[in-house]
1. In terms of modelled amide H atoms, which long-range or inter-chain residues lie less than 5 Å from the amide H of Glu59?
2. Once the principal axes of the Cα atoms of region 130-206 are found, what is the range along each, listed largest first in whole angstroms?
3. Tell me the net charge near Ile33. Cut-off is 14 Å between Cβ atoms, Ile33 excluded, with +1 for each Lys or Arg and -1 for each Asp or Glu.
4. Considering only protein heavy atoms and a 1.4 Å probe, what is the carbon-and-sulfur percentage of the accessible area of region 175-243?
5. Using only Cα atoms, figure out Rg for region 273-320 and give it as a multiple of 2.2 N^0.38 Å.
6. Starting from the Cα gyration tensor of region 40-130, take the square roots of the eigenvalues, sort them a ≥ b ≥ c, and report rounded, prolate or oblate (rounded when a/c is under 1.5, otherwise prolate if a/b is larger than b/c, else oblate).
7. Give the long-range amide H neighbours of Ile291: residues separated by 5 or more places, or on another chain, with amide H under 5 Å away, using H modelled in the peptide plane at 1.01 Å from N.
8. Cα gyration tensor of region 223-321, axes a ≥ b ≥ c as square roots of the eigenvalues: rounded (a/c below 1.5), prolate (a/b > b/c) or oblate?
Amino acid sequence: MLKKILALLLLAAWVTNLYTRSIWQPQDDLPSITTFWVDNQNHTHSLRHSRLEKWAIFERYSEEEIQRFSLPKHIIMNNKKKITQEKLDTLCTSLVQDLKKAKKPSQLLTNFTILKDADFNYKEGNGNLIVKCNDYPLVIKIFCETPQSFVRPFSKGIVPSFLFSMGGGINRFLAGFTRIPNLIAIQNIIEENPEWKQRIILPRKWYWLAPETRYFTIQGRNFSNEPNQTYTITVPSTYAIISDYIPCKKTFSLKSSEDRHCAIQLQTLFKNKIDPHICNFFFDYDGKIAIIDTEHFASIMGLDESDLFANYGHLVFGLGNRFIARTLFHNKAERVARTRKNARKTLCIR
């Protein structure tokens, strides 16, 4: 019953998102973004919406961090084998090329096994896809967007629409850029905590950019008190995050009170830096707790560090209340206040 109620709430809010304002009301003061290919600036795509916030669109990506955490010349994997940067370049490039040609999963991936493709649109070639290398203990998560798909958040289903509303217009593509800086922040917390230091294992992660990937630009207006101020950022249309594959011995279970308590403890320890979904935790063969999803949870949910939850019931209803309040009961004054303030320090991934 609870799942049905939540599904109905999500559906109602999704429809509300599509029609957030009367067409007869002035639209000029709403935050807006315009996207276009760097090599074809004459063809633009736009989105104007009250949910858009500056920190979510323009402050999750850093070119400096892409370079800092790019693939090294070689990687020694957890099975002690070595793989070179050139070999990984070849594997990832073939994966991207296959994705461009494939119209369904069965046409894909000679060298990979699909772990998750629910968020990838094979017809349009955008979204994100998670695969495991067949010959190496590595996982690759590919992110693909175009100027057109970037400004169509409600064409991707209910969950992306939910994230768009909660996270100031953020999507999985932008949130992907938080995964490695957030991993470093989590590692720093663990290093300073003797209780958890010996109990948790985290995968190493690196960015990969396709050698000939196209870039597109995002321009934004009405995100500050200066009506003519424009914010601009340029991002790669295709990138990947490569990480260690950690074999799973036993997953956490919602039926286990001990597992539930541990997951909520970790979410509190990391101050909303990790997604507390129970499936994101498991035990490896050494008995350590593996945390593999390091997407910055506070960003995708628009939370602060102080928004902590005592248990899973509290978490579900807390997020539901925030979603309903922001989607159905968010007046213009509140929307303007959220839109025009600077990125909140509590949403910082450092």
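1. Placed amide hydrogens put nothing under 5 Å from Glu59.
2. 46, 35, 19
3. It works out to a net charge of +3.
4. Details: 1280 of 2980 Å².
With neighbouring chains kept in place, the figure for region 175-243 is 43 percent.
5. Computed over Cα atoms of region 273-320, the ratio equals 1.28.
6. oblate
7. Placed amide hydrogens put Ile201 under 5 Å from Ile291.
8. Because a/c hits 1.5 or more and a/b fails to exceed b/c, region 223-321 counts as oblate.
The values are calculated or read from the model by the stated rules, or taken from the named source; none is laboratory data. Just so we're clear, the structure is a prediction, and the values are computed from it rather than from any experiment. Cβ atoms come from the backbone with ideal geometry, glycine included; neighbour counts cover every protein chain shown. These area figures cover heavy atoms from the full protein model, side chains too; ligands, DNA and RNA do not enter into them. Shrake-Rupley method; radii C 1.70, N 1.55, O 1.52, S 1.80 Å.
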